[in-house]
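Colleague: This structure is in structure tokens; I'll ask about it shortly.
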Amino acid sequence: MCSARRGVRVVEGAALEKRCSQQWLPRVRIPPSPPIGSQCKSWLFILPTKPYNSYMDFLRATLRALFVVITSASLATLISVATMQATILNRSTVLRWMENSGIYQNIVNIAVQLQPDSAPESQQFLGETTIRDAINQTLDPAFLRTSTEKIINSTYDWLEGKSETITFSIPLSEKRDLLKQNLAKQIEPKISSLPTCSSNFSGVTSQQVQCIPKNSNAQTYAADLASRAVDSSDFLVQPLTQQNIQLPTLPAVNVLRFLASNLQIIISGLAVLAVLSATGYVLLSKDKLRGIQAVGRRAFFGTLILVIGGGVLWYFSNKLTLSAFGDQAIITSIVDPLARQIAADVGMWLFIFSGIVFATGGLIWLGAFLTIKNLEKKLKAAHAGPPKDLPPIGPAAI
């Protein structure tokens with residue numbers, strides 16, 4: 001099927017020398033004959049080159065599209081997780097939110113919701129306002145701050161994997177005596193102007209006192225009323241523990257704990273994944289420079305929406321209001337100030353982290369674009385040849 005043609009070129013060279021011997025003798029350099037069997041390889045290993053190239057192009061395009069998706073998803077997730085690390089997963093940031101929102105000054109007024117008595121407020125010596133003012137003096141902002149920090153620290157110890165359960169205990173029984181004293185101070189000015197009773201009977205109820213009992217005075221009787229009011233309730237009897245608070249058991253809480261306990265690993269893994277997928281996209285590109293340009297352009301435009309969203313949230317955070325979604329007192333005093341703190345920090349860090357990726361992608365895109373233009377300019381100049389308007393050289397120039 002295939003014959004070896006060893007020495008064919010030697011014969012052809014001899015024939016050429018014979019034909020040209022009468023006129024001129026060309027110098028012919030005859031290369032060595034090809035090895036035996038080299039011409040037989042063309043049919044021994046025949047590949048369908050056109051379908052093969054089509055398959056490879058399709059596979060390359062598919063992998064490049066997959067790398068684009070992985071890169072975009074990795075960058076978006078990286079920005080989100082980094083923003084969470086700086087805000088909601090940072091205990092110092094959460095403690096600062098609580099401090100700056102003024103929640104410690106307003107929580108008692110909102111939490112203590114007592115039913116008003118049917119009698120006028122001027123006659124309610126143990127009315128809602130009186131009791132709330134006494135509780136405010138007892139559970140002062142310093143005590144509320146300390147207790148809240150204990151709960152938050154225990155929660156973040158659980159989120160970060162430092163403890164298996166959320167455990168805290170805040171003793172409240174010692175506040176009962178202080179509450180009696182503060183409540184007596186609230187009552188005493190109201191009953192000091194009352195007349196002395198002719199007997200030990202002072203009125204219909206403790207909230208509608210008409211006179212001070214015989215053989216008593218305003219200070220003693222106020223202390224007695226406050227003591228009876230506090231002892232008749234179970235307020236501030238049991239310590240506040242994690243059993244008194246219903247913690248959510250949603251799957252999102254477990255996801256949040258996984259993120260908090262493995263935060264550094266997740267952030268490093270997402271960054272490495274984004275770089276590797278972008279590198280794979282470039283290596284599979286026929287033109288590597290244009291592949292780098294495409295990666296930078298996608299990172300630039302892909303994070304543009306996050307930069308705009310973070311900037312808008314950061315700028316308008318001080319105008320955020322949620323009064324249309326619930327009780328006005330709770331929203332205005334607690335939820336709105338806290339939501340403004342959260343929105344400002346989330347918007348700021350989202351703007352910063354997405355801005356870093358945005359600027360990096362823009363620089364990569366611009367650098368690759370300028371490099372391509374410079375190479376194209378040099379290639380065009382090389383193919384253009386020497387300029388035609390050069391001055392003559394030699395005797396002709398004289």
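Readers should treat all values here as calculations from the given coordinates under stated rules, not as data from a laboratory. Since this is a predicted model, take the numbers as computed values, not measurements. FYI the Cβ positions are ideal-geometry reconstructions off the backbone, even for glycines, and counts take in every protein chain you see.
Colleague: Please compute the alpha carbon radius of gyration of the stretch 236-311, then divide it by the globular-protein estimate 2.2 N^0.38 Å. Two decimals is fine. Intermediate results must be reported in sequence, preceding the final value.
Modeller: Values: Rg = 21.8 Å, N = 76, 2.2 N^0.38 = 11.4 Å.
So the stretch 236-311 has a normalised radius of gyration of 1.92.
Colleague: Follow-up. Multiply the residue gap between Asp177 and Val255 by 0.36 nm, knock off their C-alpha separation, and tell me the result in nm, one decimal place.
Modeller: Details: separation 78, 0.36 × 78 = 28.08 nm, distance 4.34 nm.
My answer for the length gained is 23.7 nm.
Colleague: Right, another one. For a quick check: with amide H placed at 1.01 Å from N, whose amide H comes under 5 Å from Leu240's, ignoring anything fewer than 5 positions away on the same chain?
Modeller: Ile170, Leu172
Colleague: By average Cβ neighbour count within 10 Å, what is the ranking of 253-265, 91-103 from highest down? Write down the numbers at each step before the final one.
Modeller: Values: 253-265: 13.6, 91-103: 16.5.
Highest mean packing first, the order is 91-103, 253-265.
Colleague: With r as the distance between the Cβ atoms of Thr77 and Ser163 and R0 = 45 Å, compute the FRET efficiency 1/(1 + (r/R0)^6) and round to 0.05.
Modeller: Step by step, r from the Cβ atoms, then E = 0.95.
Colleague: Figure the gain on full extension for Ile170 and Leu320 (residue separation times 0.36 nm, minus the Cα-Cα span) and round it to one decimal in nm.
Modeller: Numbers: separation 150, 0.36 × 150 = 54.00 nm, distance 3.36 nm.
Extra length available between Ile170 and Leu320 comes to 50.6 nm.
Colleague: Using modelled amide H (1.01 Å from N, peptide plane; none on Pro or chain starts), what sits under 5 Å from the amide H of Thr196, excluding residues fewer than 5 places away?
Modeller: Amide H to amide H, under 5 Å and 5 or more residues apart or across chains, Thr196 pairs with Ile212.
Colleague: Between Ile265 and Lys380, what FRET efficiency follows from the Cβ-Cβ distance if R0 is 51 Å, with the result rounded to 0.05?
Modeller: The value I calculate is 0.55.
Colleague: Please list, ordered by chain and number, the residues whose modelled amide H lies under 5 Å from the amide H of Ser163; skip anything fewer than 5 residues away on the same chain.
Modeller: HN-HN under 5 Å from Ser163: Trp158.
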